[in-house]
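Below: the structure, in structure tokens.
The values are calculated or read from the model by the stated rules, or taken from the named source; none is laboratory data. Since this is a predicted model, take the numbers as computed values, not measurements. Methodologically, a virtual Cβ is constructed for each residue, glycine included, from the backbone with ideal geometry; neighbour enumeration extends over all protein chains shown.
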């Protein structure tokens, strides 16, 4: 006797439900990572302009970069400036909480960091 093989309708619906859940999570998480890479690039651009700037000048330059890149939920006040061991390190913590469905949310916590030697 010849047995049929293949996916049943219930199996297909299960696979489609899993794909829909993965797509929902992806659509919520991807913008946070896009912001992360944009902010990281902005930090690197600020450092490329020179590490001999004052903290106020660094924040002013960072604000300009954030405005150009349409980043509105992070400001230059959120940037940590650290000068240790001859290195200038700029760090921006990024925390984003996205509602998924019902009482379920997803939280993404990232730190965008860029470093350069002082006097550059």
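From the list 113, 61, which residue is part of a strand (DSSP E or B), modelled with pLDDT of 90 or more and under 12 Å from residue 43 (Cα atoms)?
113
Assuming residue 19 fulfils every condition listed in (1) surrounded by 17 or more Cβ atoms within 10 Å (Cβ to Cβ); (2) modelled with pLDDT of 95 or more apart from one, which condition is it? In the conditions (1) surrounded by 17 or more Cβ atoms within 10 Å (Cβ to Cβ); (2) modelled with pLDDT of 95 or more, residue 19 misses (1) alone.
Being in contact with a strand residue (DSSP E or B) (Cβ under 8 Å, 6 or more places away or on another chain) and at pLDDT below 95 is a property that residue 54 lacks.
Identify, please: which residue in the range 93-120 is touching a helix residue (DSSP H, G or I) at 6+ places or on another chain (Cβ under 6 Å) and closer than 21 Å to residue 51 by Cα and is, among those, surrounded by the fewest Cβ atoms within 10 Å (Cβ to Cβ)? Going through the qualifying residues, I end up with 116. For the range 64-76, filtered to residues that are surrounded by fewer than 18 Cβ atoms within 10 Å (Cβ to Cβ) and in a helix (DSSP H, G or I), the residue that is farthest from the chain's Cα centre (by Cα) is 64.
If you filter the range 46-58 down to residues that are out of contact with any helix residue (DSSP H, G or I) (no Cβ under 8 Å at 6 or more places or on another chain) and outside any helix (DSSP H, G or I), you find that the one that is surrounded by the most Cβ atoms within 10 Å (Cβ to Cβ) is 51. Here is the figure for the range 78-92: residues that are surrounded by 13 or more Cβ atoms within 10 Å (Cβ to Cβ) and either within 22 Å of residue 119 (Cα to Cα) or modelled with pLDDT of 95 or more (or both) total 8. For the range 28-45, the candidate set comprises residues that are over 29 Å from residue 117 (Cα atoms) and in contact with a strand residue (DSSP E or B) (Cβ under 9 Å, 6 or more places away or on another chain); within that set, the residue that is surrounded by the fewest Cβ atoms within 10 Å (Cβ to Cβ) is 31.
When the range 67-90 is filtered for residues that are closer than 17 Å to residue 33 by Cβ and in contact (Cβ under 8 Å) with a residue 24 or more places away in the chain, the ones remaining, listed by number, are 69, 71, 73, 74. Out of all the residues in the range 77-88, is one or more farther than 30 Å from residue 20 by Cβ and part of a helix (DSSP H, G or I)? Yes, because at least one residue in the range 77-88 is farther than 30 Å from residue 20 by Cβ and part of a helix (DSSP H, G or I). Selection of the range 30-45 for residues being touching a helix residue (DSSP H, G or I) at 6+ places or on another chain (Cβ under 9 Å) and over 15 Å from residue 94 (Cβ atoms) yields only 45.
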